[in-house]
Amino acid sequence: MKQRVGVIVGILAAFLIGAFAVAGPAQAADAGAVKLQKQVKKANKKAKKVCKKVKKAKRGKAKAKAKKRCKSAKKNATRLKKKLKKYNAAQYFDVCKHGCKYRTVQQGADAAGKWQLKNKKRKATVRIQPGTYVEGVFLDGRNPSYNYNGLTIMGVTKAKKPAKDASQVILEGQNAKTIIDGKPEVANNAIEGRSIIGLVMKNMWARHYQNNTFFVWADPTSGTERCADYTMDNLISSDTRSYGFFARNCFGGVIENSDGYHHGDSAVYIGQTPCDSDDWTNRTTAADRKPCQADPDWTVIKNVKSHANVLGYSGTNSKYVEIKDSAFYNNGAGIVPNTLDSELYEPSGWLKIHDNDIFWNNYNYYSTGSAFKTVATIGDVNYPIGIGVVLYGTDSVEVYDNNIFGNEKWGAATFSGPEAFGVNKGNDAMNMNNQFTNNKMGRNGTDPNGTYDFFSDYSGGGNCWQGNTAGSTFAPGNGSVPVATIYPSSCPQAVVGQKDVSPINTGAGLQINLPSYVDDGDPSNGPGDGATIFGYVTQHPPEKQECHMNVSTPHPAYTDAKGVSYTEDRADPVDCTGVVQ
């Protein structure tokens, strides 16, 4: 939220180099490799056929002639095999501390970028052997001297096989520099790819960077830059000031099989998803709604562990993101898509959040003893803690089939950010057309979500809650509006447009104007309101949010369906003496 700053995977696997001696499978995306592969196969077949004739040949000149032809055929087959092996070996750029041509990742990546520019239809792989590399890597797709599109940067073993253990190849940000325009600068990111299509990053651990670890983006104002179809796989990101896995203004990508912790914002961030047209707007009636992308290029986040961060996932004005089969736990808040005018292409929406474990998101990083600190707020609003899923001003988000428990304020909350409350300009942050279906809340009562399972500020419209765990609890407000009216139980509801509904609805007592209601912990200054989202997150000092949570540590132990066991993690408890509930 603050500093807003088809995957090309047809690269031959490392094992093919060894297999070429017996003519291994070809690289389908590389026409040159395919052609050579066919030639090798044909030569092997011919050699076999010709050499069979040696046994059948009669003695004398016929035998000698047959042997000569056999020898020539074998020689030709061997020559083609070597040619194929050399052809494919050329695409690898090896980086290691000693004994390799390249000593830094930047050197290897730049060499690969120049090679790809020369060999226009081929893709290179930078192979980083075990070790710690103190540097920040910058890949500038705008530079005409390089072609980074489709480049793979991956950690490998000493045997040059893909490194299953990502912690063996470390990108270290402490005292690191990045070479930009020939000059060393403080390394803000581990690997930054600007205006690149199909960048692949795999099998590495990046840590201690000033801003982010793995960062891909494009400048939407340039008119020419494009970021699309990146892959981040088997990565570890930790201990950065802002984000871990970060994509901004990109069309589609994959983040998978990765782990992120100790970030000053979120471990995973997808921001400012671009539209087909810069003129696209959501400020229409239902009848006039048009998609941001007519043929959406989705970003998929799967099998990711995000824990001990300010936010597990954050996405300002993110769209077409699917978050699945992942675990978000021990964060301040779990999954937080949001709409802010600090980014283009408002609002956030058209997301699918499903089949995740979202639990114990109660980490009070405002408190003493925290392993990390937040870097900013949303205007005058603190980031919330104690909530599993937060939909802030989103449109058409589907939250379904998740396991949500042990979040000590609310399991899932959805609300608007009206201009009148001073958070955003305009009313793009509207709570509308969101669906919560078939979620398992509170582990069958053994580890309930704190105050309520579900909270909605009753603004906007078109939202619904259906098929969630029987007995799920809903924040009722002041009782003037029936709970069944605030939380319709039939999905989907009729779609509404931004012009059809209002971001303000204080009648149910679930929404509140920020400037008039702030709890500073001093009863003489008036009470706070822990029952409304804005009353809750404007607690001052911010660590007092915990005083409005149903703190129930330690939570029951949890082992997921894959057999992975989890441990609860918290900062120091807060003294709530004198705080009005």
Region 515-574, subset crowded, with 19+ Cβ neighbours inside 10 Å, among the polar types (S, T, N, Q) and under 16 Å from Thr451 (Cβ atoms), residue modelled with the highest pLDDT:
Gln545
Identify the residue in region 194-223 that is of a type in the set (A, V, I, L, M, F, W, C) and in a loop (DSSP other than H, G, I, E, B) and, among all such residues, is nearest to Val105 (Cα to Cα).
Leu199
What number goes with the only condition from (1) hydrophobic (A, V, I, L, M, F, W, C); (2) in a loop (DSSP other than H, G, I, E, B); (3) within 17 Å of Asn438 (Cα to Cα) that Trp465 does not pass?
(2)
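On the basis of being touching a strand residue (DSSP E or B) at 6+ places or on another chain (Cβ under 8 Å), over 22 Å from Asp341 (Cβ atoms), in a loop (DSSP other than H, G, I, E, B) and assigned by TED's automatic domain parsing to the domain that holds Asp357, does Pro488 make the cut?
Criteria met by Pro488.
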Residue in region 191-217 that is farthest from Asn175 (Cα to Cα), counting only those that are touching a Gly at 6+ places or on another chain (Cβ under 6 Å) and among the small types (Gly, Ala, Ser):
Gly198
Got a number for residues in region 485-500 being surrounded by fewer than 20 Cβ atoms within 10 Å (Cβ to Cβ), among the β-branched types (Val, Ile, Thr) and either under 32 Å from the mean Cα position of the chain (by Cα) or within 14 Å of Thr414 (Cβ to Cβ) (or both)?
2
Tell me which residues, restricted to region 133-160, are of a type in the set (Phe, Trp, Tyr) and over 12 Å from Glu192 (Cβ atoms).
Tyr133, Tyr146
Residue hits (region 402-446; β-branched (Val, Ile, Thr), under 24 Å from Lys544 (Cβ atoms) and within 22 Å of the chain's Cα centre (by Cα)) are Thr414
From Gly450, Gly509, Gly471, Gly460, residue being exposed (fewer than 15 other Cβ atoms within 10 Å of the Cβ), of a type in the set (Gly, Ala, Ser) and assigned by TED's automatic domain parsing to the domain that holds Thr538
Gly471
Checking Asn434, Asn438, Asn468 in turn, the sole residue that is under 26 Å from Thr553 (Cα atoms), at pLDDT 95 or above and not hydrophobic (A, V, I, L, M, F, W, C) turns out to be Asn468
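The values are calculated or read from the model by the stated rules, or taken from the named source; none is laboratory data. The shown structure was predicted, so the numbers you read here are calculated from the model rather than taken from an experiment. Glycine gets a Cβ as well: all are built from the backbone with ideal geometry, and neighbour counts include every protein chain shown.
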